[in-house]
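**Student:** Please read through the structure below; I'll follow up with questions.
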Amino acid sequence: MTTGKHFSDEDLVSSSLLGLVRCSNAAPLRLLRPFPEVRVVVRADVEPASFGRVALVSGGGSGHEPGQVGYVGQGMLTAAVCGDVFASPSAEAVYRAIKATTGSAGCLLIVMNYTGDRLNFGLAAERAKAEGLSVEMVVVGEDVALPRKKTGRRGLAGT
């Protein structure tokens, strides 16, 4: 029995995303570039100029795969933004997801109640709004595992 690691911490998230995209025949997905610097999975059929629906973008730290990436597809999320293991995605990655998916109908960011997620998704939303894009953000906080007295509801179950 082998007890060694199959992936290094540096390539675990990127490898899992590459595998998911390569196996997504029924609902084709694509990765935004530059990958792996920006880890964003997007519906392959979405182009901002012709997308007439509100783009739904979510994301967060990796380590709970498939996490939000598992919900990218028609009738669900338009894109998912992935951070490192247990770390929020960068504001730049979120911004690129917004730019890659937002058409005339706008974009809704669905964000878990983590400080880093709220900060980076919020910064990206403000940057996109400054460029004239219609972007709104909702913070989900329904997790019942944590009492309100500590960190507050995290938004794990319903995001």
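The values are calculated or read from the model by the stated rules, or taken from the named source; none is laboratory data. Remember, predicted model here, so these are calculated numbers, not experimental data. Ideal geometry is used to build each Cβ from the backbone, glycine not excepted, and the neighbour counts take in all protein chains shown. Just so you know, the surface numbers come from the protein's heavy atoms only, side chains and all, with ligands and any DNA or RNA stripped out. Shrake-Rupley method; radii C 1.70, N 1.55, O 1.52, S 1.80 Å.
**Student:** In this structure, is Ala87 open to solvent by less than 20 Å² (accessible area, probe 1.4 Å), outside any strand (DSSP E or B) and not basic (Lys, Arg)? Spell out how you get there, then give the answer.
**Tutor:** Values: open to solvent by less than 20 Å² (accessible area, probe 1.4 Å): no; outside any strand (DSSP E or B): yes; not basic (Lys, Arg): yes.
No: the conditions fail for Ala87.
**Student:** Looking at segment 8-22, is at least one residue assigned to a loop (DSSP other than H, G, I, E, B), modelled with pLDDT of 85 or more and either open to solvent by 70 Å² or more (accessible area, probe 1.4 Å) or in contact with a helix residue (DSSP H, G or I) (Cβ under 7 Å, 6 or more places away or on another chain) (or both)? So that I can check it myself, show each step before the final result.
**Tutor:** We begin by selecting, within segment 8-22, every residue assigned to a loop (DSSP other than H, G, I, E, B); these are 8-11.
Narrowing the set further to residues that are modelled with pLDDT of 85 or more leaves none.
No: segment 8-22 contains no residue that is assigned to a loop (DSSP other than H, G, I, E, B), modelled with pLDDT of 85 or more and either open to solvent by 70 Å² or more (accessible area, probe 1.4 Å) or in contact with a helix residue (DSSP H, G or I) (Cβ under 7 Å, 6 or more places away or on another chain) (or both).
**Student:** If I ask for residues that are more than 17 Å from Gln68 (Cβ to Cβ), among the hydrophobic types (A, V, I, L, M, F, W, C) and surrounded by fewer than 21 Cβ atoms within 10 Å (Cβ to Cβ), which ones from segment 96-134 would you list?
**Tutor:** Answer for segment 96-134, where residues must be more than 17 Å from Gln68 (Cβ to Cβ), among the hydrophobic types (A, V, I, L, M, F, W, C) and surrounded by fewer than 21 Cβ atoms within 10 Å (Cβ to Cβ): Ala105, Leu119, Leu123, Ala130, Leu133.
**Student:** Does Asp45 satisfy the condition of being of a type outside the set (A, V, I, L, M, F, W, C), within 17 Å of Ser14 (Cα to Cα), more than 11 Å from the chain's Cα centre (by Cα) and open to solvent by 10 Å² or more (accessible area, probe 1.4 Å)?
**Tutor:** Working: of a type outside the set (A, V, I, L, M, F, W, C): yes; within 17 Å of Ser14 (Cα to Cα): no; more than 11 Å from the chain's Cα centre (by Cα): yes; open to solvent by 10 Å² or more (accessible area, probe 1.4 Å): yes.
Criteria not met by Asp45.
**Student:** Moving on. Output the residues belonging to segment 53-70 that are under 19 Å from Ala105 (Cβ atoms) and open to solvent by 60 Å² or more (accessible area, probe 1.4 Å). Can you show your working first?
**Tutor:** So the first thing to find is which residues in segment 53-70 are under 19 Å from Ala105 (Cβ atoms), and the list is 53-58.
Scanning segment 53-70 gives Arg53, Val54.
**Student:** Among the numbered criteria (1) part of a helix (DSSP H, G or I); (2) closer than 24 Å to Ala49 by Cβ, which single criterion is violated by Gly75?
**Tutor:** Tallying (1) part of a helix (DSSP H, G or I); (2) closer than 24 Å to Ala49 by Cβ, Gly75 fails exactly one: (1).
**Student:** Cβ-Cβ distance below 6 Å, separation of 6 or more or different chains: which pairs start in segment 62-76 with a residue that is closer than 11 Å to Arg43 by Cβ and end on one that is open to solvent by 30 Å² or more (accessible area, probe 1.4 Å) and in a loop (DSSP other than H, G, I, E, B)?
**Tutor:** Gly73/Ala27
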